[in-house]
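Contents: one structure, followed by commentary.
No lab work stands behind these numbers, since they all come straight from the coordinates. Keep in mind that this is a model prediction, so the values were computed, not measured. When we count neighbours, we look across all protein chains shown, and the Cβ atoms used for this are built from the backbone with ideal geometry, even at glycine.
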Amino acid sequence: MSVDTLTIPAQSVAQSRIAELDINNIEFGKIFSDHMLVADYKDGAWQTPQILPYGNMSLSPATSALHYGQAIFEGMKAYKNEDGDILLFRPQANFNRLNISAERMCIPALPEDIFMQGLEQLLRLDAAWVPPTAGCALYIRPFIFATDDFIGVRPSSNYRFVVFSCPVGAYYGQPLRVAIEPHYVRSVEGGAGFAKAAGNYGAALYPAREMQEKGYHQLIWTDAKEHKYIEESGTMNVMFVIDNVLVTPAVSSTILAGITRDSVLQVARDKGIPVEERRVSVEELVAAHKAGKLQEAFGTGTAATIAQIATIHYNGEDMDLPAIEGRQVSNSIAAELDRIKTGQTPDQHNWIYKISL
Ligand SMILES: Cc1ncc(COP(=O)(O)O)c(C=O)c1O
């Protein structure tokens with residue numbers, strides 16, 4: 001099957017639910033677009049996908065993903081430009097990462113045409129759900145899970161790939177208070193930290209809740225061996241501006257290689273901002289803060305693009321960082337990325353996949 005020729009049968013809804021959507025007051029993750037894409041893997045091959053009305057799926061109680069966690073997912077966004085075209089931001093990168101996760105979790109690789117053509121046809125059908133409003137987007141959730149109805153720990157023989165979407169409002173997140181995690185770990189070398197595997201998130205809930213109870217929005221994971229080096233945050237990579245240099249932990253087998261991370265670093269390089277991808281120790285951050293050189297800290301991820309960090313807690317002390325308004329590096333990169341995603345500036349890195357209606 002080539003990327004251009006896959007024909008996906010679609011069963012459209014009789015009546016769209018779009019009227020239920022209050023575009024000025026979208027609650028994240030609660031209202032789903034009319035349709036979903038579904039493709040099954042059976043008899044050793046991915047089958048032709050289909051587009052169905054969004055709705056419940058019938059599953060055996062023995063569905064193996066529910067017991068043994070063979071489940072992976074992606075998160076991406078689509079925007080509208082001034083002409084009403086749909087602009088998907090770096091879907092190829094999400095496709096590549098999905099298959100990296102698939103390999104680690106013994107899930108058969110998904111063919112590119114099912115992902116790309118599936119997305120395109122799904123979005124054409126649900127075009128009305130891509131909000132045209134500034135700051136809003138359609139959040140898209142592709143995922144694959146094991147569907148054998150079998151109790152026993154072994155890779156499943158059957159899988160389901162699904163894509164559904166939900167409109168999301170502008171992200172007016174307050175600046176974050178984060179705490180450096182001194183005890184729990186998300187990921188170890190040789191583990192599955194680089195994969196977007198469902199179990200990574202389930203196991204992170206307890207430590208995150210503990211930090212929230214102490215008054216912090218999120219924690220920052222440190223390396224599993226010594227708790228000395230910064231890894232990433234809940235659903236974000238983390239970056240710092242130290243003495244006018246943009247510094248971030250290098251990607252490794254223990255960190256999810258964020259697509260926003262990569263995009264932020266590229267835009268920084270385009271702007272001539274010095275960038276360092278390397279190990280970042282907690283000690284270095286504390287020393288930089290003491291010396292007045294820790295100018296900015298922020299998370300990068302699909303949800304917020306850039307989520308500013310106001311305070312970093314470590315070892316009983318809160319390090320309060322300079323005011324958000326004065327953060328030239330992150331604010332200028334965030335604005336540039338917004339312009340790229342909504343087609344307001346030339347797409348020099350071919351990040352945009354345009355669907356003209
Ligand atoms: C653990 C983790 N790290 C980082 C990220 C940021 O990745 P991206 O920029 O591709 O959304 C995410 C979100 O997907 C995540 O779940």
**Members of the stretch 17-42 that are free of Cβ contacts under 8 Å to residues at least 40 places away in the same chain and over 19 Å from Ala134 (Cα atoms)** = Arg17, Ala19, Glu20
**Prompt:** Taking the stretch 227-238 as the search range and keeping residues that are under 18 Å from Lys196 (Cα atoms) and in a loop (DSSP other than H, G, I, E, B), which one is farthest from the ligand (Cβ to nearest atom)?
**Reply:** Gly234
**Request:** List every residue pair whose Cβ atoms sit under 8 Å apart, with the two residues 6 or more apart in sequence or on different chains, where the first one lies in the stretch 190-205 and is at positive phi and of a type outside the set (A, V, I, L, M) and the second, anywhere, is more than 8 Å from the ligand (Cβ to nearest atom) and outside any helix (DSSP H, G or I).
**Result:** Gly190/Ser253
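Just to be sure, is Tyr159 of a type outside the set (A, V, I, L, M), free of Cβ contacts under 8 Å to residues at least 40 places away in the same chain and within 30 Å of Gly55 (Cβ to Cβ)?
Details: of a type outside the set (A, V, I, L, M): yes; free of Cβ contacts under 8 Å to residues at least 40 places away in the same chain: no; within 30 Å of Gly55 (Cβ to Cβ): yes.
Answer is no for this residue.
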**Answer residue from the stretch 188-226, given it is buried (at least 16 other Cβ atoms within 10 Å of the Cβ) and closer than 22 Å to Glu284 by Cα and is farthest from the ligand (Cβ to nearest atom) among those** = Tyr216
**Prompt:** Within the stretch 299-320, which residues are within 16 Å of the ligand (Cβ to nearest atom) and in contact with a helix residue (DSSP H, G or I) (Cβ under 7 Å, 6 or more places away or on another chain)?
**Reply:** Thr300, Gly301, Thr302, Thr305, Ile306, Gln308
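Here are Gln295, Gln344: which of them is out of contact with any Phe, Trp or Tyr (no Cβ under 7 Å at 6 or more places or on another chain) and surrounded by fewer than 18 Cβ atoms within 10 Å (Cβ to Cβ)?
Only one candidate passes the filter, namely Gln344.
Only one of these is under 30 Å from Gly190 (Cα atoms) and not β-branched (Val, Ile, Thr): Asn96, Asn81. Name it. Steps first, answer last, please.
Values: Asn81 fails: under 30 Å from Gly190 (Cα atoms).
Step by step, each of Asn96, Asn81 is checked, and only Asn96 is under 30 Å from Gly190 (Cα atoms) and not β-branched (Val, Ile, Thr).
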